[in-house]
Amino acid sequence: MIRKTLRKELESTAPEINERVMAESFGNVSRYANEDTDQRLLQLKQEWDTERFIEVEAGAVVLAGSLLAYYRGGRWAAIPAFASAMLLLHALNGWYPWLPLIRRVGVRTPYEVGTEAYALKAVRGDFKDVSSDPKPSLADVTTAVDAAHV
Amino acid sequence: MISDTLTRVPEHSSDEINQRLREYAVGRVAEAAVTGGGRIQQRLEELESEWDVERGLQTNFAAVTAVGVALGALVDRRWFLFSAGAAAFMIQHALQGWCPPLPVLRRLNFRAMPEIQQERYALKALRGDFSGTEQDPLKAFEAAR
């Protein structure tokens, strides 16, 4: 099943883990609001999300498996073949064999990291100059797009 | 070199492409905001489904390595080196933010997640989702979800 990009990892994770991660993210917003917002936004820019972990892990397995298949014989090809299939499954559906494990240890999805970042920006007042005009001008739109830059 | 997660793709794209994608975002936000009504909500849902560059690349790498492995098993084992090379590029992309298919995907208008999010949150802000969220972490967090 092909899921929405933004929520595919969430929909492939147990609800209680999603709730726990969301509660931790909200705790971070409360903690870093007002004082260390700049520093925290910098950390969030660097935070390794689920996609980055999965790309490194799948890349390493396919690389090692393909080299083993070349040097030690074609039977090793089953490993990169399986890893490729799992990566495709992740890209389309969101699930991945290691996803439950990395979610359990607190690796967040791009959506969750973004939610914390944008909540911090909102608390700081980054959106306070955005127009509430129901027919915004091009300048209003540009202001909004600039305000939404992380 | 290990790049920041959020900026690694725009940093490894040409200024011209980054600029074009920004203009695209401004245009789409303007179109949805001015149309108003249900159009904003509809556009927000489109943005949730938009394939970002990571999703495109993962699909691409899965397909390329699978073909390499199949040809290695069936035609010539040197094809295993082809899939090994593709896998090395995927690791490079994850760490650094660049890989050979990236310029192609960027030219096809695949956006990085932060670029999609920028359009999404600009639209939410214009809709007024963030009014009164200043200095209010709970309200801000609910608005950002």
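For the range B:100-116, the residues whose amide N sits under 16 Å from a probe point set 7 Å from the Cα of B:Met1 along the beta carbon direction are B:100.
For a paramagnetic label modelled on B:Thr35 (point 7 Å from Cα along Cα→Cβ), amide N atoms under 18 Å away belong, within the range B:103-123, to B:119-123.
Expressed as a rounded percentage, what relative contact order does the range A:8-150 have, with Cα pairs under 8 Å and six or more residues apart?
After rounding, I find 34 percent.
Modelled this way, with points 7 Å down the Cα-to-C-beta line, the labels at A:Arg75 and A:Ala60 are 2.6 nm from one another. Quick one: go through the range A:1-41 and flag any residue whose amide nitrogen is under 16 Å from the point 7 Å out along the Cα-to-Cβ line of B:Thr59. In the range A:1-41, the label zone of B:Thr59 (backbone N under 16 Å from the point 7 Å along Cα→Cβ) covers A:1-9.
Largest first, the three principal axis extents of the alpha carbons in chain B are 63, 31, 28 Å in whole numbers.
Both radii were evaluated on the Cα set of the range A:1-95; the Rg over Rh quotient, with Rh as the Kirkwood radius, amounts to 1.15. Ignoring lysines fewer than eight residues from A:Lys4 along the same chain, the ones with Cα atoms less than 20 angstrom from its Cα are B:Lys124.
Rounded to the nearest 10 degrees, the angle from helix B:79-96 to the longest Cα principal axis of chain B is 30 degrees. Site pair B:Arg77 and A:Asp129 shows an inter-label distance of 6.5 nm when each label is modelled 7 Å from Cα along Cα→Cβ. Among A:Ser131, B:Ser83, B:Ser14, A:Ser25, the order by Cβ neighbours within 10 angstrom, fewest to most, reads B:Ser14, A:Ser131, A:Ser25, B:Ser83. Subtracting the Cα-Cα distance of B:Gln42 and B:Glu142 from 0.36 nm times their residue separation leaves 34.0 nm of extension gain. Diffusion coefficient of the protein assembly as shown by Stokes-Einstein, Kirkwood radius over Cα pairs, 4 °C, 1.567 mPa s: 64 µm²/s.
Taken together, the values in this text are just the output of simple stated rules run on the coordinates, not laboratory data. None of these values were measured; they are calculated from a predicted model. Please note: Cβ atoms are built from the backbone with ideal geometry, for glycine as well, and neighbour counts cover all protein chains shown.
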